[in-house]
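Peer 1: First, the structure itself, so that you have it in front of you.
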Amino acid sequence: MADSWANSRHRRDRRTGSDLHLDLDLGSTAGPGAPRPRAALLAALRDAVRTGRLAPGTRLPSSRTLAADLGLARNTVAGAYAELVAEGWLSARQGSGTRVADRAAPAPPRRPAARTRAERPSRLSLARDRHGQQRPAHDLRTGAPDVSAFPRSAWLTSARRALTEAPAGAFSHGDLRGAGQLRQALADYLARARGVRADPDRIVICAGFAQGIALLARAVPGDIAVEEYGLPFHRELLEQTSRPRTRPLPVDSHGARTQLLDTEEQFTGVRAVLLTPAHQYPLGAPLHPDRRAAVVDWAGRSGGLVLEDDYDGEFRYDREPVGALQGLDPDRVVYLGTASKALAPALRLGWMVLPEHLVDAVLAAKTPAEWTTGALDQLTLADFLERGAYDRHVRAMRQRYRVRRDRLVGRLAARVPEVCATGIAAGLHALLRLPPGTTEADALRALHRAGVALDPLSAFRHPAAPAQPPPDPAMVVGYGTPPEHAYTAALEALCGALARGCQPSVPRPLGSVS
């Protein structure tokens with residue numbers, strides 16, 4: 001075989017350097033003004049360092065390797081390296097090869113300053129008002145767990161086991177539904193812990209809840225009823241995916257008023273309803289048993305679907321856990337869960353337990369970019385579940401969040417008793433109802449001055465919900481978000497700001513836990 005760049009014996013030197021792309025302007029070798037190879041190489045290397053393409057400390061290929069790659073004499077490359085070392089562009093030490101010298105890096109091109117998290121469209125809402133604040137000193141917004149508590153060691157153990165034991169086929173494209181080992185582990189866990197009636201063949205793994213509802217919106221076109229209070233991001237995603245209208249379903253202290261699906265004209269023709277039955281987001285109430293039965297009956301009569309968002313069903317503190325709605329009718333309820341609250345949002349692992357008749361439609365709705373989710377993360381989570389590490393972590397975090405919840409309620413009672421904390425029997429957030437005479441704008445101004453970021457209840461209300469009666473002013477606080485070491489300071493700042501910003505006209509008792 002002819003010796004070429006691809007199979008050159010000199011490629012063995014690659015272990016002592018990196019591939020290096022250089023464009024040598026050699027012009028026509030016959031022309032009298034053509035630059036010599038050494039001059040062209042010097043110019044190309046200086047330009048690569050000057051523009052920052054070769055950063056300080058970057059190790060260059062050996063002279064033998066670069067000469068073979070560029071088709072130059074080795075002495076030409078060695079001479080160019082030596083000249084650039086003498087000029088200060090490169091450095092050379094015995095045993096460490098030739099590197100770009102530690103000189104001042106070139107100034108990056110001017111570009112608009114990146115917006116901070118506080119200024120970016122939030123993960124909760126593209127239209128959320130951040131009051132122009134920079135990164136807050138105390139972030140008490142909802143939507144994330146305490147990611148500093150991620151079980152790194154236990155996860156690493158499962159990752160090693162998954163990588164070691166994975167069959168060769170796991171590194172191929174895989175099943176559109178997801179890794180079979182994870183689907184089996186989830187079927188066992190969800191049946192035991194959440195009362196879900198799940199067959200592995202009816203589970204589809206997705207890249208988080210967002211991808212799940214996007215797939216469902218494409219597979220089941222038509223208008224969708226959503227709770228009057230909920231994540232704006234979910235409404236926007238549904239409407240952008242398949243252009244259905246989302247119709248607001250009123251919510252009260254017993255959860256969504258599902259009986260209205262049968263009696264109110266505005267819900268005629270609705271194909272599906274999206275609910276948070278275990279812990280209404282963000283008001284915090286579980287769906288009343290009569291309303292659970294009513295929505296399942298509606299789905300059976302109308303041929304509709306119930307989309308159950310079980311976003312934090314594992315974190316229940318004061319009462320027995322509320323079982324999944326899906327257990328009442330697996331043929332009409334789609335169960336959606338994720339690892340985002342129990343583990344970390346960055347894993348991008350979610351799952352749907354589908355009615356059998358819907359599986360093929362959901363898989364057909366996947367675009368090529370959505371065909372599979374990272375197989376190794378799936379296998380790691382499967383092992384994490386099978387070893388009981390997931391249960392142990394959830395129990396530990398349940399206790400941690402319960403202590404945080406109790407500290408929040410206790411500090412509010414001591415310092416701002418006129419602020420009523422509700423919706424606290426479960427989950428990672430609470431609703432802080434403001435006293436009469438205090439507006440959300442008043443509270444937000446005081447919180448902003450104290451460097452505390454959280455969201456007003458009005459930010460979660462459906463824009464098409466009736467304007468009257470106006471909702472009571474309240475703030476939604478995510479007590480699960482801050483890392484443990486920052487929680488005390490965040491709590492003190494929160495209570496201090498509320499004490500200054502809430503000037504009630506009539507005293508208001510703390511109220512009962514719901």
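Computed from the coordinates by the stated procedures, all read-outs in this text should not be read as laboratory data. These figures come from a predicted structure and were not determined experimentally. So basically every Cβ, Gly included, is an ideal-geometry build from the backbone, and we count neighbours across all protein chains shown.
Peer 1: Could you work out how much longer the chain between ARG445 and ASP223 gets when fully extended? Use 0.36 nm per residue separation minus the Cα distance between them, nm to one decimal. Display every interim value, and only then the final one.
Peer 2: On the way: separation 222, 0.36 × 222 = 79.92 nm, distance 3.76 nm.
Residue separation times 0.36 nm, minus the Cα-Cα distance, leaves 76.2 nm.
Peer 1: Oh, and also: From the P(r) of segment 150-388, could you give the percentage of C-alpha pairs in the tail past 30 Å? Provide the component values of the computation, followed by the final result.
Peer 2: Details: 6551 of 28441 pairs.
Percentage above 30 Å: 23.
Peer 1: Work out how much length LEU376 to ASP391 would gain on full extension: take 0.36 nm times their residue separation and subtract the Cα-Cα distance, in nm to one decimal. Don't skip to the answer; put the middle values down first.
Peer 2: Numbers: separation 15, 0.36 × 15 = 5.40 nm, distance 2.04 nm.
Additional length available on full extension: 3.4 nm.
Peer 1: Oh, and also: Within segment 150-388, what percent of beta bridges assigned by DSSP are antiparallel, to the nearest 5?
Peer 2: So the antiparallel bridges amount to about 40 percent of the total.
Peer 1: When GLU308, GLU320, GLU314 are ordered from fewest to most other Cβ atoms inside 10 Å of their Cβ, what list results? It would help to have the intermediate numbers written out before the result.
Peer 2: Numbers: GLU308 26, GLU320 6, GLU314 21.
Starting with the residue having the fewest Cβ neighbours, the order is GLU320, GLU314, GLU308.
Peer 1: While we're on this one: Given the alpha-carbon gyration tensor of the chain, what are the semi-axes of its equivalent ellipsoid in whole angstrom, ordered largest first, with each equal to the square root of 5 times an eigenvalue?
Peer 2: Working: eigenvalues 586, 189, 99 Å².
Value: 54, 31, 22 Å, ordered largest first.
Peer 1: Can you give the FRET efficiency for ALA137 and ASP199, using 1/(1 + (r/R0)^6), R0 = 45 Å, r = Cβ-Cβ distance, to the nearest 0.05?
Peer 2: On the way: r = 48 Å, r/R0 = 1.07.
E(calc), rounded to 0.05, equals 0.40.
Peer 1: Over the chain, what is the relative contact order in whole percent, taking alpha-carbon pairs under 8 Å and six or more residues apart?
Peer 2: Details: 896 pairs, mean separation 86.7, N = 514.
Averaging sequence separation for qualifying contacts and normalising by length gives 17 percent for the chain.
Peer 1: Could you tell me the ratio Rg/Rh of segment 150-242? Both radii from Cα atoms, Rh via Kirkwood. Mind showing how you got there, number by number?
Peer 2: Details: Rg = 16.9 Å, Rh = 16.1 Å.
Looking at segment 150-242, the ratio lands at 1.05.
Peer 1: Continuing with this model, one more query. Counting only DSSP beta bridges with both residues in the chain, what percent are antiparallel, rounded to the nearest 5?
Peer 2: Values: 26 of 43 bridges.
If I count the DSSP bridges inside the chain, around 60 percent turn out antiparallel.
Peer 1: Only counting other Cβ atoms within 10 Å, I'd like MET397, MET475 sorted with the fewest neighbours first. Can you show the working numbers first?
Peer 2: Working: MET397 21, MET475 27.
Ranked by crowding around the Cβ, least crowded first: MET397, MET475.
Peer 1: Right, something else. To one decimal place, what Kirkwood hydrodynamic radius in Å is obtained for segment 21-100 from all pairs of distinct Cα atoms?
Peer 2: On the way: mean 1/r = 0.0770 Å⁻¹.
Final number for the Kirkwood radius of segment 21-100 is 13.0 Å.
Peer 1: Can you show me the helix-derived [θ] at 222 nm for the chain, built from DSSP H runs with n ≥ 4 at -39,500 (n - 2.57) apiece and divided by the number of residues, rounded to the nearest 500. Walk me through the numbers on the way to the answer.
Peer 2: Details: 14 runs with 180 residues, N = 514.
Using -39500 (n - 2.57) per qualifying helix, the result is -11000 deg cm²/dmol.
Peer 1: Related question: Extending each Cα 7 Å along its Cβ direction at ARG53 and LEU163, get the distance between those two points in nm, one decimal.
Peer 2: The answer from the label model is 3.3 nm.
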